[in-house]
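In what follows, a single structure is set out as structure tokens and then discussed.
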Amino acid sequence: MAVGGRVGVTGYLVRRSTDVFGRVGDMSVIALEGFRRTWDVRTWFWEYIQQCWFLARVTSLPVLLVSLPLGATVALQVGQLAWQLGASSATGGAVVVGLVREVAPMASALLIAGAGGSAMTSDIGARNIRDELAAMEVMAVNPVHRLVTPRLWAASTVAVLLVPLVIVAGASGGYFFNVVIQGVTPGAYFDGAVSLLVTSDLLVTLFKAWIFGFIAAIMSCYFGMTCQTSPVGVGRAVNQSTVVTFMLVFAVNYVITMIYFLAYPPRPM
């Protein structure tokens, strides 16, 4: 029985590993196929505009509502600690640097995945259960080129455009708590950020946001195109795409941040 149990567990692990690698391969194929006909802008430009408008419409207000209290909370907590250490003027630098380096790309990615990505998955999943994807293939229209390509570029574009919105909103919330409530001078609030930030920080942040938007779009389109052909299957695909996107975004963010800090170590104030 023990031998049979070990064989059963080994077989199960092998099957699960094969399934995971197969899914990764399918995702890679969809991503590469989506990029292959990017040059043919005429076939997807208007869909790209519609998707950009939709994503901007469903994420702009939530990103403001998330960033304002987040920046205020960080400023409040960091400001209390800095006040105990006698370095209240460093609060603004800590808040703005944290917003630029980590919070802005993560917030934009999570909102793209949660608000926009779920809508993408449900839309493509609904097309899948109505056999619209198969009908497009019968009419010699590649559904990846027609549906996935504009969503890839739209999610990446809107994710990058949300970054300044997150930074401005978060810095405004931190400014209110740190300057208005805690009494730090405005010059001291912004001076720390200017002395710590460099141009490469913003460039890496925009690159992160682009990559995260791309990941969110790929996961949404993949799970929508491969969902079970039932309303329950679409619901499960939405849940799976959101969860997988969150895990991948955090993992990729760690890798990019580690490489960046190794290549450009933070400079002291």
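The values are calculated or read from the model by the stated rules, or taken from the named source; none is laboratory data. In this text the structure is predicted, and so the values were computed from the model without any measurement. All Cβ positions, even for glycine, are placed from backbone atoms using ideal geometry, and neighbour counts span all protein chains on display. Accessible surface is based on the protein model in full, side chains and every heavy atom, while ligands, DNA and RNA are left aside. Shrake-Rupley method; radii C 1.70, N 1.55, O 1.52, S 1.80 Å.
Under a Cβ-Cβ cut-off of 9 Å, what is the net charge of the residues other than V144 that fall near it, where Lys and Arg count +1 and Asp and Glu count -1?
Values: positive: R36, R37, R146; negative: E33.
Local charge sum for V144: +2.
Towards the positive end of the charge dipole of the stretch 44-260, with charges on Cβ (+1 Lys, Arg; -1 Asp, Glu), say which of G116, L162, G213 has the farthest Cα. Value computed over the given set: G116. About the centre of its Cα atoms, the stretch 111-269 shows a dipole size close to 100 debye [charges on the beta carbon of Lys, Arg (+1) and Asp, Glu (-1) only; nearest 20 debye].
Using the crude model of +1 on Lys and Arg Cβ and -1 on Asp and Glu Cβ, and no other charge, please compute the dipole size for the chain relative to its Cα centre, in debye to 20. Working shown, then result.
Numbers: 16 positive and 12 negative charges, 77 e Å.
About 360 debye.
Over the chain, accessible surface divided per residue gives 52 Å², non-protein components excluded, 1.4 Å probe. For the chain, just say rounded, prolate or oblate: build the C-alpha gyration tensor, square-root its eigenvalues into a ≥ b ≥ c, call rounded for a/c under 1.5, and beyond that prolate if a/b exceeds b/c, oblate if not. In terms of gyration-tensor shape, prolate.
For L196, the solvent-accessible surface with a 1.4 Å probe is about 30 Å², rounded to the nearest 10. Relative contact order, whole percent, for the chain stands at 30, derived from Cα pairs under 8 Å and 6 or more residues apart.
Please give the FRET efficiency for T73 paired with D19, using the beta carbon to beta carbon distance and R0 = 30 Å, rounded to the nearest 0.05. Let's see the in-between values first.
Working: r = 41 Å, r/R0 = 1.36.
Given R0 = 30 Å and the Cβ-Cβ separation, E is 0.15.
When a 1.4 Å probe is rolled over the protein heavy atoms, the share of accessible surface on the chain that falls to carbon and sulfur comes to 71 percent. Simple point charges give the picture: +1 on the Cβ of Lys and Arg, -1 on the Cβ of Asp and Glu, and for the stretch 32-176 a dipole about the Cα centre of about 140 debye. Among the chymotrypsin sites (Phe, Trp or Tyr not before Pro) within the stretch 142-236, not one is in coil by DSSP while having at most 13 neighbouring Cβ atoms inside 10 Å. Projecting the Cα atoms of L196, P69, M247 onto the dipole axis of the stretch 44-260, where Lys and Arg carry +1 and Asp and Glu carry -1 at the beta carbon, places M247 farthest toward the positive end.
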